[in-house]
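Notes to accompany the following structure.
Each reported figure results from applying straightforward, stated rules to the coordinates on display, with no laboratory input. Quick caveat: nothing in here was measured; it's all calculated off a predicted structure. Using ideal geometry, Cβ is built from the backbone for each residue, glycine included, and neighbour counts are taken over all protein chains shown.
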Amino acid sequence: MKLYFKKLFLLLLLTAMLLCMAAVFDFTVVGNQYSHFYTASLMDKVDRLCSITEPKIILVGNSNVSFGMDSALLEDAMGMPVVNLGLQGGLGNAFHEEIAKLNIQPGDIVVVSHIDYADDDKLNDPELAWITVEKNPRLLQILRPKDWLPMLRAYPNYAFNCFVRWQRGWNTIPAGTLYIREGVNTYGDFVMRTGQETSTYQFRAGELTVPQVGDACMTRMNKLNKYICDKGARMVVSYSPIADGEFTPDREAYHAFAAELESRLDCPVISDIDDYFFPYNCFFDTKYHLNEVGARLRTEQLIRDLQNWLNP
Amino acid sequence: MVFNSLSFLFFFIAVFALYWSVPKKFQWCVLLASGYLFYGICSAEYLLLILLITAVSYLSALYLEKNRNNAKASRRCLAFTCLFILAFLFFFKYFNFLSESVCRILQVFSVEADPFLIRVLLPVGLSFYTFTVIGYVVDVFKGKTPAEHHFGKYAAFISFFPTLLSGPIERADNLLAQIRQEHSFHYGQAVLGSREILFGLFKKMVIADTLAIYVNMVFGSVRSYSGFTLMLAILFYTIQIYCDFSGYSDIAIGVSRLLGIQLRPNFRQPYFAASIKDFWGRWHISLSTWFRDYVYIPLGGNRVSPLRHKLNLMTTFLVSGLWHGASWNFILWGGIHGGAQVLESLLPKAKTKAASFFRWILTMLVVSFAWVFFRANTLSDAFYVFSHLLTGIGDPTGYIVQGYRILGLSNVDLLVICGNCMILFLLDFCCFRWNGMEQISNLPVFLRWGIYLLLLLLIIFFTPLISSSQFLYFQF
């Protein structure tokens, strides 16, 4: 049995050594291979977040925030710098919340707008998380200890794809897609390209569902609220845009969701859910992404909500 | 708890440590406890059912042995036991199918009836362990094997965790005989077992799980696809099901070897089969030999008139199809294989190499196309696949290029899939030529370790993150 285990150990050791060598090669030679992807805008968002020392408004959420805000308008109206940290639903709510933690200062207002509040407190797609943070030490800090096991599991897939991209010289601006880092402005808002501003998403029956509230998400968000309050900042929740039309479920269900969310959160919900229903023609390429008109309407509503909350 | 999960790894490490550290005469106790713990983790609500079936078959076997001279009483006992066990299988697996089928037939005669459906989950592994139990009782009845007097050892045989959920369907003369024995750790067996586990994981995690992504995409909404995409889906499923199930069997056999127990091989490179008959001698061998011994031969086998022989073949395959699932798809799948064997028996033997090659192509076509019925969600989906296979073939280049682009397959994906399938082919080809993988031990050490390292790295790098992980044969 000793011989068997000795050889098994040797085989595993050899495998581990080869993997380490591959990882060193990946980190030092291959490097970042998704630096023009839309998700790479996280680097710019974090740069902005960390560079502002005065009290600021931090927008947290998935792509509904990135594709649904006019941060310049918000900044003008509120007189505070704005950082839009909205990114991608595939990363999960927790990931987006963790980004904000990189620089919370006294006086900051953190506005959280998730599309759903029933997540399982996990990274939805660890490979996407790798593509997003790549090999940037500062971005790797976003990951929580509990995220490292799924990240480790996803690393070989990511590394292989990086290798292919490196070997083929594919780390260039992807053609034929709007989803590029260069499509995001200095605030972190996604800026539509010419010709796409008025695109309207075609909704289908059964596609729209009422958001849910879950224990794991509530516990985590209340902890985040405490963390933010301890730093001398404030956290509020506002709703993500809801498409209003023939396929939209009953308002009553949305009201029930809003009531539950408000009752379970320690931080204030500053918006009225009825104000966040937007007609179908305000949506761009998914049920979560507002077009330019929709983004302006939503931002104006958020400004009113913030002003009402700050000056009751 | 599937074999390719971390939880199973920890479970097995614990079982392995305990198994080799207890006194040898108590090794069966570890197997029994681990079997019931394993089943309890997978399907706790049905622990009592497996215990009941074990107890009834144990007592029946003792009765059969005791009353061997009383043919009438033995036959009654055998019939009762088999019916008792099959009743559970019928209740959990076939009742709803029968109820729905009867209602459909009544609808043909304009009689409106709502099917009475039972809403219960199929107990995990029921199809497999009931067959193990029936095989044992019949063998005792025929005097092929002695009845086990030790209830604990018998229960350990039925609940042997590597084979409990998806086979191989073991026989008492092999597995029970080994459970009775005391085992010592054998280096050669352990190496062979580890190698089988490694090959099994490669087949399942790298090939089957990767192909499953595309297969599930197409068969999940089959009417959104046509032409070469459907052709690719059939090809992918043909490889997927082999890698999935033979991978599972390899792991089960390997795990058993690490415990000093040798199971019979369940797959012997079935896609190298020269005929449908040959295919069934290589595919899910434990099931096909079970049907041979307990259905086909009792029906008369081939020692009857030619017409009756063909009828026996068809019956066996139809029952085998039904065993796989309570649906007309599976029955038709069984029927295709039975029909193909009947037709094959009418053909002259292939005498030249070209004829053998042609026969192999024909066999592969039958096997692959029959898988459509096995995988499609409904019969109409299966027929849709066949009727749309050649859509767009007027432009052959576009037919092929568009076919795989629609699946979202990049050139790199295709290259990875082809590369991994090539490795599978080489491994299978070597096993086919060497009649097993024992010969790998004779390869030079660098080559041997190179293969191990390559497979380990492929498993680490190419296991899809969104893997189906569940083994296909769990559903049966």
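A few points about this structure:
- Considered as an equivalent ellipsoid built on the Cα gyration tensor, the range B:18-184 has semi-axes of 34, 22, 11 Å, the largest given first.
- Unit charges on C-beta of K, R, D, E only; dipole of the range B:18-184, Debye: 640
- Within the range B:131-170: backbone nitrogen closer than 14 Å to the residue B:18 label point (7 Å, Cα to C-beta): B:156, B:160-162
- Of the Cα atoms belonging to chain A, the radius of gyration and Dmax stand at 21.2, 76 Å.
- FRET E, pair residue A:231, residue A:185, Förster distance 30 Å, beta-carbon r, rounded to 0.05: 0.65
- Sorted fewest first by neighbouring Cβ atoms within 10 angstrom, B:144, B:203, A:287 come out as B:144, A:287, B:203.
- Sites excluded, GluC sites (Glu not before Pro) in DSSP loops with at most 15 other C-beta within 10 Å, longest stretch of chain A: A:1-196
- Spatially proximal aspartates and glutamates relative to residue B:277 (Cα-Cα < 17 Å; intrachain offsets below 8 disregarded): B:293, B:344
- For the range B:307-442, radius of gyration divided by Kirkwood radius, i.e. Rg to Rh on alpha-carbons: 1.04
- Residue exposure sequence - B:131, A:95 - by fewest surrounding Cβ within 10 Å: B:131, A:95
- Within the protein assembly as shown: Cβ-based charge dipole about Cα centre, in debye rounded to nearest 20 (Lys, Arg +1; Asp, Glu -1): 4940
- Using only the C-alpha atoms, the convex hull of the protein assembly as shown corresponds to 216 Å³ per residue.
- Backbone N atoms of the range B:433-456 closer than 12 Å to the 7 Å Cα→Cβ label point of residue A:14 belong to residues B:444-456.
- Integer Hz, Karplus 6.51/-1.76/1.60 couplings in order for the range B:292-299, x for Gly and Pro: 4, 6, 10, 10, 5, 5, x, 6
- For the range B:444-451, putting each phi into the Karplus relation 6.51 cos²θ - 1.76 cosθ + 1.60 with θ = phi - 60° gives couplings of x, 4, 5, 5, 4, 5, x, 4 Hz, in residue order, rounded to whole numbers and with x for Gly and Pro.
- GNM result for chain A, Cα springs below 10 Å: residue of A:261, A:85, A:49 fluctuating most strongly: A:261
- Reported to the nearest whole Å, the Cα centre-to-centre distance from the range B:135-210 to the range B:288-311 is 27.
- Counting other Cβ atoms within 10 Å as a rough exposure proxy, the listed residues A:76, B:278 run A:76, B:278 from fewest neighbours to most.
- Cα-centred dipole magnitude for chain A, charges only on beta-carbon of K, R (+1) and D, E (-1), debye, nearest 20: 1820
- Label-point gap, in nm, between residue A:102 and residue A:266 - each point 7 angstrom along Cα→Cβ: 2.5
- Computed E for residue A:122/residue B:116 - FRET, C-beta separation, R0 35 angstrom, nearest 0.05: 0.25
- Look at the dipole of the range B:18-184 built from charges on Cβ: of B:141, B:94, B:43, the Cα furthest out on the positive end belongs to B:141.
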